[in-house]
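Heads up, the thing below is written out as structure tokens.
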Amino acid sequence: MSEFKGNTGTHPEFLHFRIRGASRYFLAAFSLLLCIGCNPITAVSPPAPHAVARTLNSMGSELQLTAWTADETTASAAFEAVFAEMQRLDDLMTTWREGSDIGRLNAAAGDHAVQISSEVRDVLETARQVSDWTGGKFDVTFGVLSGLWKFDYQNKDNTIPDRQVVRRRLPLINYRDLEIDERAGTAFLKRKGMNANLGGIGKGYAVDRAASILRRRGLHDFIVQFGGDMYVAGRRGDRPWKLGIRDPRGPAEQIFASMELSDSTFSTSGDYERFFIKDGRRYHHIIDPATGEPTQGCRSVTIVTDRAVIADGLSKGVFILGPEAGMALIEHLPGVQGVIVSAKNEVLISSGLKGRLTILQQPTDAP
């Protein structure tokens, strides 16, 4: 399973994983003229709550923070604290630096256990739970394939890797061969050549951390959006946040469904952000660990639950399972809801979202 970056879009009526031009929400302060004796005094009301937004590039995606507040100073300080935490987490989880926790774990594969931070252990433990739920379709040890398929803008070349090379690496993908010792604070990849990669779940964990920081800093109404992973808290003024699901085959700004949401995560994985089409087939960045190739059953999967780290990993696992098995899993898991657009352009909606999700139009049908 491979996931490198989610997708975002906008819509004139709905918040769809990104808020651009947040100044449109600013409310004009008004002046009140008071007369005491003969001297006019102009009094300005306290600033009204409005959208305050900041962005940061981290973990290969854009992180956008938006708070609905009248206190810009508090919001700005909270945003800076989040940005510092994102950098710290990236330093722990990146595969691009040998000294990171994941870098050291991969370097010691088949040799010895390594000390890793509690944060990385938390992500790995959650990843193992999602792997169990999905029968191994979500698997952080997919990293042995990440250098073969090239979907990042830095290395994209629209080539299909040698399938014999892919097959030779498949035996090194097995999340059960990743041992985590909470008491010792270590992790161990049991076989030489194994490679862990948190690209399919790390941003979700970061979103949860960001939401926790914003709350501790006194913010209650906000959005954290990191690639395809989002957490919404509280309300936007007198109503819940309204979010949209992107049309997988439509223009980048087009959505096909919307819903109001508060104090929940909203995570979408799709085959439309990093891909190429060759001989009529779409090759994309969500890889089935059983075959080593992009899975073909879904176009997008959106998960709604209370923890972004769960939604992040589960959206990929459900995507790889396919629409029928994926929706069956969603219905089985307590507190989890979802929307799936299948490769046949069918829209599947979990029972808990029926009546809450508004279908605005049928998704565009295209290869």
Computed over the chain: longest principal axis from alpha-carbon atoms vs helix 72-93 long axis, angle to nearest 10 degrees, is 10
To the nearest Å², the heavy-atom accessible area per residue of the range 242-367 with 1.4 Å probe amounts to 35
Rounded to the nearest 10 degrees, the helix 308-321 long axis (Cα) sits at an angle to the longest Cα principal axis of the chain of 50
For the chain, longest principal axis from Cα atoms; helix 118-133 axis from its Cα atoms; angle between them, nearest 10 degrees, is 70
If one builds a Gaussian network model of the chain from Cα atoms under 10 Å apart, the most fluctuating residue listed among PRO240, PRO289, PRO334 is PRO334
Counting as exposed only chymotrypsin sites (Phe, Trp or Tyr not before Pro) in DSSP loop states with no more than 13 other Cβ atoms inside 10 Å, the longest exposed-site-free span of the chain is 154-367
Taking only protein heavy atoms and a 1.4 Å probe, the highest-to-lowest accessible-area order of ASP312, ASP122, ASP90 is ASP122, ASP90, ASP312
Connecting every pair of Cα atoms under 10 Å apart in the chain and solving the GNM, the largest mean-square fluctuation among HIS112, HIS50, HIS285 falls on HIS112
Looking only at lysines whose Cα falls under 19 Å of LYS137's and that sit 8 or more positions away or on another chain, we get LYS5, LYS203, LYS316
Filtered hits (aspartates and glutamates, Cα-Cα < 17 Å from LYS190, offset >= 8 within chain) -> ASP101, ASP111, GLU125, ASP139, ASP177, GLU179, ASP181, GLU182
The range 53-75 scanned against label point 7 Å out from GLN87 along Cα→C-beta; backbone N under 14 Å for 56-59
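The values are calculated or read from the model by the stated rules, or taken from the named source; none is laboratory data. These numbers were taken from a predicted model, which means no experiment stands behind them. Neighbour counts run over all protein chains shown; Cβ positions are idealised from the backbone, glycine included. The protein model used for the area step is the full one, side chains on, heavy atoms only, and it has no ligands, DNA or RNA in it. Shrake-Rupley method; radii C 1.70, N 1.55, O 1.52, S 1.80 Å.
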